[in-house]
Amino acid sequence: MTVQDAQKEVRPKSLYAEHEKIYPQRVFGRFRLIKWVALGVLLGLYYVMPWLRWDRGQGVPDQALLIDLPGRRAYFFWIEIWPQEVYYLAGLLMLGAFGLFLATALLGRVWCGFTCPQTVWTDLFLFVERWIEGDRNKRMKLDKEPMSLRKAWLKIAKHAIWLLIALLTGGAWAMYFSDAPTLVREFVTGQATATQYGFIALFTGTTYLLAGWAREQVCIYMCPWPRFQSAMFDERTMLVTYEEWRGEPRGKVKALTSDGQKLGDCVDCGLCHHVCPTGVDIRLGQQLACIGCGLCIDACNGIMAKVGRPAELITYDSLYNQAQRATGLPAKHRFIRPRTMLYAVIIAIIATVMVVTLSLRSRLDVSLQADRSPLFVRLSNGDIQNGYTIKILNMIRLPAEYSITVSGVDNLRIKVIGDDDTTVSVPGDSVGTFRLLLQAPAKALKDDSTSIKVMIEDQTTHGTSSHDAVFRGPAK
């Protein structure tokens, strides 16, 4: 052995694997139909929802779903969310997270396989690719051909449609942050802002890149979900699985083993591998790249029907049931388990808290801040005066009047600068800022710090908001 040969043997393998383009083959069946329905419903909702109208009164956006950043509001049909109510967004995120945990514990990677935006848009882009370039073998052959006028035309047509879909996707996303008809009109006439054009271009580019070029690489390398979603699995979780006990040893339909025995049901056609959008061979067991879409089940069932063998060699089932059938025992689904019950209870608690707080939330929000310098002022008559800044947020569309009362100190006098009495007016959907002066006899103060309570009451609805504060005075 030469030195060069020895160096080749000890040289470590590269940690980087060259990308091998995947050409998913067309397939028909139950799971493919479910994916088409999910794609149609989700894309329909995404593109149509910004155009829905919801009358909220004069001078208020009438778009049903709108995140109005300049106006600092979020509108969801009859619900209006203010910036200080961002905890509702946290609640929605928690509902989404635990809902995903529950779905994963019950049905495996059903989110990845059917409803993830990456899956939905990649499916749409693959549909366009097949429509223009043909199915798997034709696409592979076309890519190996030298460049020609026909090949260039097919590639240009495909990418042009991809870019159009990406533009519609980016534009629809921007419509959730701007009035949809206005944005379309301004975009077409060149009157949209640079920010709007920039964000539409950004979302167009990312859609085109991720769904057209990155595809399965997003699921395998970029998305963190496959790395920890197995923590939600148990032996009862429904997964796409291969019945190895029934399919092995695999081989041609009429082939026999070396000792003359019949082979398993798997005819080793490879179709389950060819239809997979992430290039997984499910016969090798559970893999990170498998998104659980079930297309391999449709492919295998079609082959089993042709060769006259039982369906569901590749099936959607739990590992527990697989083990049961392998030993001839009855299989049984069990969806109610401690894990799923815990997720369901958490979801119910979060949803209940959000519904209750939304139904009972006050349309009045008040903040109170005491002057810090000076802490107090001694008046010419010996009384002690404290100053406060009070902000009253009127969260309804009509102007409202609010009375201010303070308790906690005897003989306390209230003065609102700019008003003759202690009733103030705040326009609808706005914040009123007022200077509040409180004056009390020095003998009424027992300490240099006395707790007081400031009460704000809506004169129309009689809704109240109370705030604890401190009245400062000289040291005793």
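The values are calculated or read from the model by the stated rules, or taken from the named source; none is laboratory data. Given the structure is predicted, the values throughout are model-derived calculations rather than measurements. Because the Cβ atoms are built from the backbone with ideal geometry, glycine has one as well, and the counts that use them run over all protein chains shown. Note: areas computed on protein heavy atoms with side chains; ligands, DNA, RNA excluded. Shrake-Rupley method; radii C 1.70, N 1.55, O 1.52, S 1.80 Å.
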**Request:** Under 15 Å Cα to Cα from Lys332, which aspartates and glutamates show up? Leave out anything in the same chain fewer than 8 places away.
**Result:** Asp234, Glu235, Asp317
**Asked** For the modelled label position 7 Å from the Cα of Ser362 along Cα-to-Cβ, which residues of segment 72-94 have backbone nitrogen atoms closer than 19 Å?
**Response** 80-88
**Request:** List the trypsin sites (Lys or Arg not before Pro) within segment 269-358 that fall in a DSSP loop (any state other than H, G, I, E or B) and whose Cβ has at most 10 other Cβ atoms within 10 Å.
**Result:** Lys332
**Complete:** Filtered hits (aspartates and glutamates, Cα-Cα < 20 Å from Lys446, offset >= 8 within chain) -> Asp383, Asp410, Asp468
**Message:** Using only the alpha-carbon atoms, how far is helix 295-307 inclined from the longest principal axis of the chain? Give it as 0 to 90 degrees, nearest 10.
**Reply:** 30 degrees
**Asked** For Ala444 and Ala90 in one chain, what is 0.36 nm times their gap in residues minus the Cα-Cα distance, to one decimal in nm?
**Response** 122.9 nm
**Prompt:** Among rounded, prolate and oblate, which fits segment 95-211 when a ≥ b ≥ c are the square roots of the eigenvalues of its C-alpha gyration tensor, a/c under 1.5 means rounded, and a/b larger than b/c means prolate?
**Reply:** oblate
**Prompt:** Using the Cα gyration tensor of segment 322-448, with a ≥ b ≥ c the square roots of its eigenvalues, what is the shape: rounded (a/c below 1.5), prolate (a/b larger than b/c) or oblate (neither)?
**Reply:** prolate
**Item:** Answer label for Rg and Dmax of the Cα atoms in Å (calculated), chosen among (1) 20.7, 62; (2) 23.4, 79; (3) 33.3, 116
**Value:** (3)
**Request:** Taking the chain as the reference, fit the longest principal axis to its C-alpha atoms, fit the long axis of helix 194-207 to the helix C-alpha atoms, and give the angle between the two in degrees, 0 to 90, nearest 10.
**Result:** 30 degrees
**Item:** Of Lys21/Lys141; Lys262/Lys306; Lys415/Lys453; Lys21/Lys158; Lys35/Lys144, pairs whose Cα-Cα distance is over 24 Å
**Value:** Lys35/Lys144
**Request:** Set Lys and Arg Cβ to +1 and Asp and Glu Cβ to -1, take the dipole of the chain about its Cα centre, and tell me which of Asn386, Leu43, Thr352 lies farthest positive.
**Result:** Leu43
**Message:** Within 10 Å, at most 13 other Cβ atoms, and a DSSP state outside H, G, I, E, B define an exposed site. Report the longest part of the chain free of exposed chymotrypsin sites (Phe, Trp or Tyr not before Pro).
**Reply:** 79-334
**Asked** For a paramagnetic label modelled at 7 Å from the Cα of Ser230 toward its Cβ, which residues of segment 274-309 fall within the zone defined by backbone nitrogen distances under 17 Å?
**Response** 280-292
**Asked** If ligands, DNA and RNA are left out, what is the accessible area of Thr352 with a 1.4 Å probe, given in Å² to the nearest 10?
**Response** 80 Å²
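Can you give the local net charge around Thr464? Use residues other than it whose beta-carbon is closer than 13 angstrom to its beta-carbon, Lys and Arg +1, Asp and Glu -1. Don't skip to the end; give the middle numbers.
Numbers: positive: Arg363, Lys453; negative: Asp365, Glu457, Asp458.
Here the count lands on -1.
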**Request:** Along Cα→Cβ, 7 Å out, is where each label goes; now give me the distance between the ones at His462 and Asp281 in nm to one decimal.
**Result:** 7.7 nm
**Request:** Evaluate E = 1/(1 + (r/R0)^6) for Ser380 and Arg72, where r is the Cβ-Cβ distance and R0 equals 41 Å; express this FRET efficiency to the nearest 0.05.
**Result:** 0.40
**Complete:** Tilt, helix 149-175 to longest principal axis of the chain (alpha-carbon atoms), in degrees rounded to tens, equals 20 degrees
